[in-house]
Every structure is written in C-alpha cells, then in structure tokens.
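Okay, structure first, notes after.
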Amino acid sequence: MTASPATPLLELENVEVVYHRVATAVQGVSLRVPERSIVALLGTNGAGKTTTLRAVSGFLGGDDARVVAGRIVFRGEVITGRMPHEVARRGLVLVPERDKVFETLTVGENLDAVVPGRRRLVTREQVFHYFPVLAERRRQLAGYLSGGERQMLALASALLCQPELLLVDELSLGLAPAIVETLMALVRRLRDELGTAVLLVEQNAAAALAVADAGYVLEHGRIVYDGAVERLLAHEDIREFYLGVGHRTDRVRYTDVKQYRRRRRWF
C-alpha cells in the first residue's frame, strides 16, 4: 500500500526545534510519510518524538518552542510555523498523547463538537461503523470510558476532521496488550479502507512495527536509524534494544550501543 518514496505526502527536512530559546529538543530530523502508508517514529521517553509531532501540527507555541531550522512540507506546500487550525484544515490532524476527550460531555457530544472538515468525507455513522463500541456508548459521559475506549473516541473525533494524515502520539500508552492490538488493527484498517496515512509515535516498538510500512528511530533528538519495517526487524540492535529479542533486555539507547561497539573495537 505504500506510495512511491519519490512523492511523499509529508516531508521533514533537517528540522530543528528549540525550547525557551536555549534548549534544543530536535536536531536535524528528516523523515518522509508517503501517501496511504503507516510510518512509525520510535524512541524512548524524552527522545523528541512528541516534539516532532507538535512541530508538524503547529502546537509548539504554547510550550515556548519553535522550529529554528529546516522545513516541513505537506503535499508540496511548506507549512513550517503554521497555526494548528491552518494545519488541520489542510488535512493533518493530531491525536495527542493525553487528555484527548471532553470528560464531562457524552460520547455523542464529543463527536458533535468536532469542527467540520473541508469536505464531509466521513460521517458520524461511518465513524460508528469503525468504532461500534462508541455507538453503544454514545449517551455515556466520556469520563466513564475505559482507556481503550477513550483512545477510540480520540481517533473517531480526529477522523471526523477529514484527515489525509493522522499524527498519532503514543496510542498504546498505559493499555493492556489485547487493547493495543485492537487499536493498531483499527489504525491499519483506516489506512487500508480510507487511504488515511499515519505518522505513529510509539515507545511500544513491537506494536508499531506490526502495522507500519516503515520506521524511524529517534534518540536525543536525532534520527539514528530508519528503513522499511523488514529492514528494522532484521537489524540486530533494533531487535535487541527495542523489541527485547536478544541477549540483553535493559533499555539502553541505540546511540549508546553504537558508541559501546565502537569503543570495543579498540580492545
């Protein structure tokens, strides 16, 4: 389902993000998301994954952060520094990591609160088709939903914004493995049936790579490895330090591994 890498839907070119004018959080990040593809952005906590999504979606200003170098291009148009509503109107919709729903509104009211997109490609009834549990709970307060159901409601709300590209931050956070598997299958179904591309930020590398077409590994604000999923899954360091397949299971950073192996050659 992956489009030609020569014509990416979204492209980041050497993007650098600075907080409070002094702290560099993202350094020279370049990545591509082709049309109708799922791309995983992997890394440990604090690697710069969420900052990268905020840079794309325009939600940096509230954190006293800004893109100071590089550019972000969507469908050939530079969107670096655009406001969140301008980015969303172009078809890039963020599903943030936390506080994704209005807890004091019902499920139905949460969906009604979504501002209509540029064209009504997905209706509320179609959303219930993909998320039938939300149809059953449409009159229930969102605050009483389970963690997995809240994630579904967040995805459903984003879907009503008519996205061409979903920016999904830590979909699996705090959820049981069975729920994570269900949510990831839903993401893949949205790609397959609606053609919605996804940039999926995850610490859970195994879950993300199970549905992604390609991935990037981010450490200390830099991309340290990238490639098709098959290439990532075959790489010894990725398997050992992100998937827990190998002799060591402690979460050492990939960059630390490379430095250790370089030092070891001298002995």
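Every number in this text was worked out from the coordinates using simple rules, so none of it is lab data. On a predicted model such as this, the values are computed, not experimentally measured, just so you know. When we count neighbours, we look across all protein chains shown, and the Cβ atoms used for this are built from the backbone with ideal geometry, even at glycine.
Assuming a ≥ b ≥ c are the square roots of the Cα gyration tensor eigenvalues, decide whether the chain counts as rounded (a/c under 1.5), prolate (otherwise, with a/b larger than b/c) or oblate.
Values: a/c = 1.78, a/b = 1.43, b/c = 1.24.
Prolate, since a/c reaches 1.5 and a/b exceeds b/c.
Report the label-to-label distance for Leu194 and Glu125 in nanometres (one decimal), using points 7 Å from each Cα along the Cα→Cβ vector.
Using points 7 Å along Cα→Cβ, the separation is 1.7 nm.
Pairs of Cα atoms under 8 Å, at least six residues apart: use those to get the relative contact order of the chain, whole percent.
Details: 498 pairs, mean separation 62.5, N = 267.
Normalised by residue count, the contact order of the chain is 23 percent.
Looking at the chain, what % of its DSSP beta bridges pair antiparallel, to the nearest 5? Spell out each step's value before the answer.
Numbers: 25 of 43 bridges.
Expressed as a percentage, antiparallel bridges in the chain total about 60.
When only DSSP loop residues count, what GluC sites (Glu not before Pro) in region 46-104 have their Cβ near at most 14 other Cβ atoms within 10 Å? Before the final figure, lay out the partial values.
Details: sites: Glu77, Glu86, Glu97, Glu103; in loops: Glu97, Glu103.
Here the sparse-neighbourhood loop sites are Glu103.
Among Asp226, Asp64, Asp213, rank each residue by its count of other Cβ atoms within 10 Å, from fewest to most, as a rough exposure measure.
Values: Asp226 18, Asp64 11, Asp213 21.
Neighbour counts put them in this order, fewest first: Asp64, Asp226, Asp213.
Rounded, prolate or oblate: which fits region 29-124 when a ≥ b ≥ c are the square roots of the eigenvalues of the alpha-carbon gyration tensor, with rounded for a/c under 1.5 and prolate only if a/b beats b/c?
Values: a/c = 1.72, a/b = 1.39, b/c = 1.24.
Here region 29-124 falls in the prolate category.
Connecting C-alpha atoms closer than 10 Å in a GNM of the chain, tell me which of Tyr144, Tyr216, Tyr242 has the biggest fluctuation.
Tyr144
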